[in-house]
Amino acid sequence: MNRTYRKGAIGALTDEYEKALNELKDLLLQIPNAKFLKVYNEKTDVDFQSIRNIILHLINSGYGYANYIRKRFGNNYVVPKIEIEKTEQGISELEKMFQYTVETFEDKWHLTYGELMNTIIKTSWTTYDLEAITEHAIVHILRHRLQIEKIIDKYRIS
């Protein structure tokens, strides 16, 4: 496999983030629009009642992580209002969120491991270093991809 890898520790984390998102997007390609919108569990938090809502949760969270990083470095940030009604829109919005994250890191590829560990970011729920918040973003994608896989298996979606 010939591919270009991003530079430095931030680059490696960003490559893994992209890999996790690509796995999620591949999974979403299997889901028809009606199944994407269907509410599977009304008793759970609204963010997790449908696959669409899970994807919206991931998109909004991804922008949130990037914005915490941007704020820490004094960069401009946006809080987009995202609405999706089709599987393809979900995939497209995930791609836009990831591009925003890549732009967040654009001037940070050179950071050393020590600089990553000493860049402290306070969120509304905890305090991270730059490496940890990025790892959290990756694992967040993986956790919800697994949640969607379980819905697909349970409801025999294809």
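Values in this text are rule-based calculations from the coordinates and carry no lab data. The shown structure was predicted, so the numbers you read here are calculated from the model rather than taken from an experiment. Cβ atoms come from the backbone with ideal geometry, glycine included; neighbour counts cover every protein chain shown.
Tabulated values for the structure
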{"read-out": "Ala132-Lys96 pseudo-label distance in nm [points 7 Å out on the Cα-to-Cβ vector]", "value": "3.2"}
{"read-out": "Residues whose placed amide H lies under 5 Å from that of Ser50, excluding near-sequence neighbours", "value": "Tyr40"}
{"read-out": "Cα-centred dipole magnitude for the chain, charges only on beta-carbon of K, R (+1) and D, E (-1), debye, nearest 20", "value": "300"}
{"read-out": "Distant-in-sequence amide H partners of Trp109 (H built 1.01 Å from N, under 5 Å)", "value": "none"}
{"read-out": "Stretch gain in nm, segment Asn2-Glu103, where the contour uses 0.36 nm per residue and the Cα spacing is subtracted", "value": "34.0 nm"}
{"read-out": "Convex hull per residue volume in Å³, alpha carbons only, for segment 1-64", "value": "105"}
{"read-out": "Sites Met117 and Asn76 - FRET efficiency at Förster radius 30 Å, r taken between beta-carbons, to 0.05", "value": "0.75"}
{"read-out": "Too-long pairs where the Cα-Cα distance tops 22 Å, listed order kept, from Lys19/Lys108; Lys86/Lys150; Lys43/Lys81; Lys71/Lys108; Lys25/Lys71; Lys25/Lys150", "value": "Lys43/Lys81; Lys25/Lys71"}
{"read-out": "Asp129 long-range amide H proximity, modeled H, under 5 Å", "value": "Ile121"}
{"read-out": "Dimensionless Rg over Rh [the chain; C-alpha; Kirkwood]", "value": "0.99"}
{"read-out": "Exposure proxy ranking, count of Cβ atoms within 10 Å, fewest first, for Trp109, Trp125", "value": "Trp125, Trp109"}
{"read-out": "Straight-distance crosslink candidates among aspartates and glutamates, where the alpha carbon sits under 20 Å from Lys154 and sequence neighbours closer than 8 are dropped", "value": "Glu23, Asp26, Glu42, Asp45, Asp47"}
{"read-out": "Most mobile listed residue (Ala20, Ala34, Ala137) in the chain, GNM with C-alpha springs under 10 Å", "value": "Ala34"}
{"read-out": "Choice from Ile31, Ile82, Ile120 with maximal GNM fluctuation in the chain (Cα, 10 Å cutoff)", "value": "Ile82"}
